[in-house]
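The values are calculated or read from the model by the stated rules, or taken from the named source; none is laboratory data. If you're wondering where the values come from, they're calculated on a predicted model, not measured in any experiment. Using ideal geometry, Cβ is built from the backbone for each residue, glycine included, and neighbour counts are taken over all protein chains shown.
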Amino acid sequence: MKRPALRHGLSPYWRYGLTLLIVFALFRPALAGADPVAQVKGLGKASLLLKDGGSDLIAYQAEVPRVPASTMKLLTAFAALETWGPSYRFETEFFQDRSGWLWVKGYADPYLVSEELDRIVRALKKAGIRQVAGIGLDDSFFSPEVEIAGRSSSDNPYDAPVTALAANFNTINLVRSGASVRSAETQTELTPTARRFGLAGSNGKQRVNLRERPIALRYFGELLAAKLKGAGIAVSDEQKNAPVPANARLVYRHANSRTLSEMLSPMLKYSNNFIANALFLRLAQPDGRGRVSMTAAQKAMTSFARRRFGWRDFRIDDGAGLSRANRLTARQLVELVEAFSPYRELLAAQDGDPRVRAKTGTLRGVSCYAGFVKRNGRWAPFALLINQPVEYNLRRRVASSLAR
């Protein structure tokens, strides 16, 4: 068979193959996984700082304020630890008035989950509560105008409203099959409010937030009533939201079974926005007195950062990192991480790389990471702030590279 005539010494097939080889050679670093630190240094809207032995080892645009996303939770956690200490326990008060109503006064305990309500009910029964004429809910510790900066109106759990009295992070976990709805948790009874949410959702498992304060409070009252009934205490279905009456007597003050550090570890690992912003608001009134507003919380955390670190060019809009108005520099984050050293074990190890203990931060077009990498047998603080679209795992590859 006659072969095709050669042009310029190479057949079309050879020219095509040579072109592929040239392209592969030019882009081989990207295809094989280029140096992630070099990739970051090629980004216009990124900052990276690694300190080792007290000195900057890598510093790229470290003084530029950027959106920190959920790495903001490190500041909230640190402020809480510095204010109350790791062994602190949040309290909730229970009163009974002369007409037999049980009143609950909330002080922003962020971890009143179903199992905690079971402990409360057992304690109330031990205190002699046998009949409840109605349940009164007092969440006046937070101003009714409190609205979390950056929170959207989605049904996702991370957008749950933050109230001074809340059950299960103001979320519900359900399973719907046609007209049938059940709780997805054996420890959580199905209440009328939960059932309505379930029927409004799609078939299958769904975890959604309770949307707004009045619904969240009603759900708390319903779940508490179900727990009381389950313990053999007669309970009316009546509820009201109001301050505790002056004539009501304190029958029980509940200290959460979890310490602050036991709350912070899962908050940081799972990036729980509800816990972070409940703490953020409570820090405006650390002793639980007075009334808290979002403005007061922003001012309190700003004052804490200035006093503790001497920061100047920064902005704090919420405690979870939901708001895109938050601004921190990589330098500030590393200063925070250095101060966080006594509590390093509260940070989760990176999947597949125990040399990294850090907090992620993610919003659309924002990818951040801050914490510690283990280098030569010692932990070194780092912060990475990327405010432009990048591959999801770049930050983890950067951290692992820093550890090497």
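Could you check, for the range 66-83, whether at least one of its residues is within 27 Å of THR186 (Cα to Cα), part of a loop (DSSP other than H, G, I, E, B) and in contact with a strand residue (DSSP E or B) (Cβ under 6 Å, 6 or more places away or on another chain)? Reasoning before the result, please.
Step one: of the range 66-83, the residues within 27 Å of THR186 (Cα to Cα) are none.
No, the range 66-83 contains no residue that is within 27 Å of THR186 (Cα to Cα), part of a loop (DSSP other than H, G, I, E, B) and in contact with a strand residue (DSSP E or B) (Cβ under 6 Å, 6 or more places away or on another chain).
Matching residues to (1) touching a residue at least 24 places away in the same chain (Cβ under 8 Å); (2) touching a strand residue (DSSP E or B) at 6+ places or on another chain (Cβ under 8 Å); (3) farther than 21 Å from GLU115 by Cβ; (4) not assigned by TED's automatic domain parsing to the domain that holds LEU112:
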| position | (1), (2), (3), (4) |
| --- | --- |
| LEU199 | no, yes, yes, no |
| VAL208 | yes, yes, no, no |
| GLU212 | yes, no, yes, no |
| ALA225 | yes, yes, no, no |
| GLY232 | yes, no, no, no |
| ALA248 | yes, yes, yes, no |
>> It is to be established whether one or more residues within the range 294-314 are touching a Phe, Trp or Tyr at 6+ places or on another chain (Cβ under 7 Å), in a loop (DSSP other than H, G, I, E, B) and not hydroxyl-bearing (Ser, Thr, Tyr).
In response: no
>> Just the residues that are farther than 14 Å from VAL366 by Cβ and either of a type in the set (S, T, N, Q) or surrounded by fewer than 22 Cβ atoms within 10 Å (Cβ to Cβ) (or both), please, taken from the range 379-394.
In response: TRP379, ALA380, ASN393
> When you scan the range 60-83, how many residues do you find that are within 17 Å of PHE382 (Cβ to Cβ), touching a Lys or Arg at 6+ places or on another chain (Cβ under 8 Å) and not aromatic (Phe, Trp, Tyr)?
Replying inline: 8
>> Residues to consider are ARG119, ARG66, ARG130; find the one that is basic (Lys, Arg) and under 20 Å from LEU322 (Cα atoms).
In response: ARG66
> Between a first residue in the range 337-361 that is within 20 Å of ASN326 (Cβ to Cβ) and assigned by TED's automatic domain parsing to the domain that holds PHE372 and a second residue that is of a type in the set (S, T, N, Q) and in a loop (DSSP other than H, G, I, E, B), which pairs have beta carbons less than 8 Å apart while being 6 or more apart in sequence or on different chains?
Replying inline: LYS359/SER271; THR360/SER271
>> Can you tell me how many residues within the range 370-388 are β-branched (Val, Ile, Thr) and either closer than 11 Å to LEU48 by Cβ or under 21 Å from the mean Cα position of the chain (by Cα) (or both)?
In response: 1
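Among the listed residues SER153, SER114, identify the single one that is closer than 21 Å to VAL208 by Cβ, of a type in the set (S, T, N, Q), surrounded by fewer than 20 Cβ atoms within 10 Å (Cβ to Cβ) and modelled with pLDDT under 95. Steps first, answer last, please.
Numbers: SER114 fails: modelled with pLDDT under 95.
Of SER153, SER114, the one residue that is closer than 21 Å to VAL208 by Cβ, of a type in the set (S, T, N, Q), surrounded by fewer than 20 Cβ atoms within 10 Å (Cβ to Cβ) and modelled with pLDDT under 95 is SER153.
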> Is it the case that LEU117 is assigned to a helix (DSSP H, G or I), hydrophobic (A, V, I, L, M, F, W, C), in contact with a Lys or Arg (Cβ under 8 Å, 6 or more places away or on another chain) and on the phi < 0 side of the Ramachandran plot?
Replying inline: yes
